[in-house]
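Read through the structure below, which is laid out as structure tokens, and then see the notes.
The values are calculated or read from the model by the stated rules, or taken from the named source; none is laboratory data. All values reported here derive from a predicted model rather than from experimental measurement. Neighbour counts are summed over all protein chains in view; Cβ atoms, including those assigned to glycine, are modelled from backbone coordinates with ideal geometry.
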Amino acid sequence: MSIDAPIGAAGPGATATPRLPPRTRATRSRLIAYGAVAVVLGLLIFSWIDAQGSVTQFFDGLFARKGLFRDVVPHSLPPDLSALWGGVRAAVTTLAIAILSIAFGLIGAIAMLPLAARNITPSRPLYELARVVQAILRAIPELIMLLFFLIVFGFTPFAAVVALTFHGIGVKGKLFAEAVEEMEMAPVEALRVAGASRIQVFLHAVLPGVRNTLLALTMYRLDANFRSAVTLGAVGGGGIGFLIDNELNAFQFKIVCTYMIVLVVFVLAIERVSTIVRARLNA
Amino acid sequence: MGSGAAAADPPLVIEGIRKRFGENEVLGGVSLTLRRGELLAVLGGNGCGKSTLLRCAVRLLDPDAGSARLCGQDLAALRGRSLRMARREAAVVFQQIALVKQRSALENVCCGALAQMSLGRSLSTTAFPTEVRDRAAMALQRVGMLDKAWQRAGTLSGGQAQRVAIARAYCQQATVILADEPVSALDPRAAEEVMELLADLAHSDGLAVLAVLHQPELALRHADRVLGMRLGAFAFDKRPDEVAPEEIEALYVHLHEAA
């Protein structure tokens with residue numbers, strides 16, 4: 001075919017449009033794909049029915065005469081600023097719950113780390129045990145844990161601290177173990193050969209190697225912990241969640257509005273601090 | 001250097017070590033003796049068993065058969081603390097930089113002496129004994145890195161980091177240095193400097209140095225003995241001036257043909 005020949009023009013060596021080889025995807029795998037779509041659709045329909053989903057109820061709840069935007073919102077404005085200081089004070093308590101539970105959770109997760117990371121664990125059974133304990137702590141929601149701890153510790157913010165700490169050990173423990181499993185092992189092996197003990201290797205090769213990652217993950221969890229602390233507060237854990245629940249029950253929407261403003265400001269501020277610290281750690 | 005229970009024994013004696021990964025026999029019963037004041041270079045193609053030999057020598061891998069005697073102690077017979085204590089006679093310098101990047105060069109070098117510290121003194125780098133810090137400073141001076149003592153390891157160049165890793169081995173007071181492709185990630189100048197340093201540690205400080213290399217020219221220039229490996233066995237073990245170019249070529253040609 002000459003260089004000047006138009007694209008697609010048949011030359012001496014040209015052949016007809018090539019035949020594509022038959023698709024290799026088997027009928028069986030196509031059937032599996034259709035089956036998977038059918039199962040997902042079935043699950044969605046079941047969930048809608050089981051959760052009593054209702055389009056009418058949704059729009060009524062938001063826009064009807066007694067709905068959110070025509071009844072609750074107008075009764076919430078303007079916010080009652082006389083409740084501002086009380087709201088800030090309670091939010092500080094909620095923040096204290098979040099900070100304490102993060103700190104204790106950090107200690108607990110690091111303490112489990114030598115067992116829970118596959119590449120440094122002294123034995124497979126201990127590794128499995130540590131991972132099972134973490135999975136159980138993760139599986140029990142903080143709210144359910146709190147219900148138990150309220151019985152043990154009474155209606156105090158400390159019960160929320162304990163609940164969030166245990167749940168946090170489960171969550172952070174898994175994240176931390178994964179960070180260690182992905183770390184470079186050369187510094188660890190170098191110290192092992194140098195005769196360092198397991199504890200020394202952990203303290204001087206493993207922990208410094210993943211320190212920034214662990215702190216970044218912890219900061220990432222701080223705002224999540226604050227939001228969880230608000231929720232736990234509503235069921236007896238104290239702080240701003242407790243005040244919001246109380247005032248909602250008393251239909252004091254203007255005060256609730258003030259608390260919501262305080263809550264949003266705190267969450268945004270914590271998110272901002274968390275982002276800044278994580279950016280510095282990753283630098 | 002090195003306390004060495006039996007000073008008269010060669011620091012490292014490997015006898016009939018075999019290692020198999022699944023169907024693949026990586027080491028087919030090799031033996032060697034490494035003497036004090038000697039730099040032994042091991043050459044061979046990828047997968048010929050060089051690094052496996054080095055790892056079996058300090059029981060980072062357990063051999064299927066054979067023994068490795070480090071300063072007179074059979075590592076296969078040891079467990080736990082006694083294995084740790086015996087193993088501190090050897091230091092490994094890896095191809096990839098095995099330093100904790102977030103810590104200073106000095107702190108990394110101090111960690112070479114962890115096995116000689118009590119747990120209480122080794123909990124934090126600030127609690128390290130003064131004599132360990134002094135020894136680390138001397139080690140850094142020995143490798144020409146004293147002026148970088150407080151620099152974070154992560155900010156050092158490849159050649160500088162490898163020197164710090166060697167200083168850590170020096171601070172460990174090891175009798176044997178096992179270097180697994182220590183210059184593979186370095187530019188030619190830095191590679192030359194690191195090899196000069198390893199040779200100097202062998203000749204001036206009396207250490208026994210085994211270096212796995214992929215650069216025949218460096219091996220011939222700096223080593224006292226060159227050991228050629230092919231398919232899990234030793235092809236030759238000679239002084240550099242006795243090694244013929246075709247013998248080195250055969251180490252690699254053979255592998256290509258086998259593939």
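Structural remarks
- When residues in the range B:75-90 are screened for being basic (Lys, Arg), within 11 Å of chain A (Cβ to nearest Cβ) and surrounded by fewer than 23 Cβ atoms within 10 Å (Cβ to Cβ), 2 of them pass.
- Here B:GLY72 fulfils each of the conditions (1) more than 11 Å from chain A (Cβ to nearest Cβ); (2) closer than 15 Å to B:ARG168 by Cα; (3) among the small types (Gly, Ala, Ser) apart from (2).
- The residue that is modelled with the lowest pLDDT, counting only those in the range A:172-210 that are surrounded by fewer than 22 Cβ atoms within 10 Å (Cβ to Cβ), at the interface with chain B (Cβ under 7 Å from one of its Cβ atoms) and over 20 Å from B:ALA153 (Cα atoms), is A:SER197.
- Here B:ARG20 does not qualify as under 30 Å from B:TRP150 (Cα atoms) and of a type outside the set (Val, Ile, Thr).
- Entirely in the range B:91-172, the helices (runs of 4 or more DSSP H) that have 3 or more residues that are more than 13 Å from chain A (Cβ to nearest Cβ) and without any contact (Cβ under 8 Å) to a residue 12 or more places away in the chain: B:130-142
- Filter result for the condition that a residue is of a type outside the set (Phe, Trp, Tyr), under 20 Å from the mean Cα position of the chain (by Cα) and more than 20 Å from B:GLU193 (Cβ to Cβ), over B:LEU140, B:LEU83, B:LEU119, B:LEU99: B:LEU83
- Of the residues screened, A:LEU146 is not one that is closer than 27 Å to A:ARG118 by Cα and either assigned to a loop (DSSP other than H, G, I, E, B) or not small (Gly, Ala, Ser) (or both).
- Criterion violated by B:SER184 - all others in (1) of a type outside the set (Phe, Trp, Tyr); (2) assigned to a loop (DSSP other than H, G, I, E, B); (3) touching an Asp or Glu at 6+ places or on another chain (Cβ under 6 Å) satisfied: (3)
- Of everything listed in (1) within 18 Å of A:PRO114 (Cα to Cα); (2) away from chain B (no Cβ under 14 Å), the single unmet condition for A:PHE253 is (1).
- Selection count, the range B:181-199, where residues are surrounded by fewer than 24 Cβ atoms within 10 Å (Cβ to Cβ) and either within 14 Å of chain A (Cβ to nearest Cβ) or free of Cβ contacts under 8 Å to residues at least 40 places away in the same chain (or both): 12
- Of all residues assigned to the range B:151-162, none qualifies as being surrounded by fewer than 20 Cβ atoms within 10 Å (Cβ to Cβ) and among the aliphatic types (A, V, I, L, M).
- Breaking point among (1) surrounded by fewer than 18 Cβ atoms within 10 Å (Cβ to Cβ); (2) under 30 Å from B:GLN151 (Cβ atoms), for B:GLY29: (2)
- Candidate set from the range A:149-159 (those that are buried (at least 18 other Cβ atoms within 10 Å of the Cβ) and touching a residue at least 24 places away in the same chain (Cβ under 8 Å)); member that is farthest from A:LEU222 (Cα to Cα): A:LEU150
Okay, residues lined up against (1) surrounded by fewer than 17 Cβ atoms within 10 Å (Cβ to Cβ); (2) modelled with pLDDT under 90:
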{"position": "A:GLN57", "(1), (2)": "yes, yes"}
{"position": "A:VAL88", "(1), (2)": "yes, no"}
{"position": "A:LEU100", "(1), (2)": "no, no"}
{"position": "A:ALA109", "(1), (2)": "no, no"}
{"position": "A:MET112", "(1), (2)": "no, no"}
{"position": "A:GLU128", "(1), (2)": "yes, no"}
{"position": "A:LEU147", "(1), (2)": "yes, no"}
{"position": "A:VAL161", "(1), (2)": "no, no"}
